[in-house]
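Down below is the structure, laid out as structure tokens.
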């Protein structure tokens with residue numbers, strides 16, 4: 001059974017392998033809080049708990065192609081910290097409650113701030129990727145429109161030439177469809 005590379009939970013079949021596209025994969029790795037040197041294996045995956053509901057196709061467990069995991073808890077829960085202090089060897093002493101709670105509180109706030117900042121950075125990076133994709137699509141559609149305009153001019157010139165030669169009666173009107181998109 002495969003386990004999540006972030007939380008270690010068994011995924012019970014609901015896991016998502018890291019994307020193949022390098023830019024998209026890099027966003028996943030950054031969100032996971034992994035070092036830049038960390039290289040995921042072919043079986044590296046994340047469980048569905050790390051994705052917001054809008055990352056999924058409606059009514060499905062499938063992710064959108066541009067989904068980016070943003071739900072990560074980088075802070076330990078209070079219960080986990082207490083459990084860790086119970087498991088300390090006898091020669092180590094647990095910090096006092098007031099010192100521990102104040103450090104924990106500051107640490108939790110700082111980690112939460114870092115996680116929030118990381119979320120915003122990821123959302124910005126995702127938006128920038130989306131803009132890049134939109135610009136690419138716009139350029140392609142613009143190129144196609146230019147080609148169609150050139151074809152229309154050539155055809156109109158051919159029709160005029162045929163009318164002048166008498167191949168087409170001059171009284172006959174030619175019409176061009178306004179919204180006929182052929183790809």
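The values are calculated or read from the model by the stated rules, or taken from the named source; none is laboratory data. Owing to the predicted nature of the structure, the values given are computational and were not obtained by experimental measurement. A quick note on method: Cβ atoms are made from the backbone with ideal geometry, for glycine too, and the neighbour counts reach across all protein chains shown.
Does residue 9 meet the test of being outside the structural domain of residue 112 (by TED's automatic domain parsing), modelled with pLDDT under 85 and under 20 Å from residue 118 (Cβ atoms)?
Judged against the criteria, residue 9 is not a match.
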Exactly one condition in (1) at pLDDT 60 or above; (2) over 24 Å from residue 131 (Cβ atoms); (3) surrounded by 11 or more Cβ atoms within 10 Å (Cβ to Cβ) is false for residue 60; which is it?
(3)
Filter pass, residue 75 being touching a helix residue (DSSP H, G or I) at 6+ places or on another chain (Cβ under 9 Å), at pLDDT below 85 and farther than 29 Å from residue 106 by Cα
no
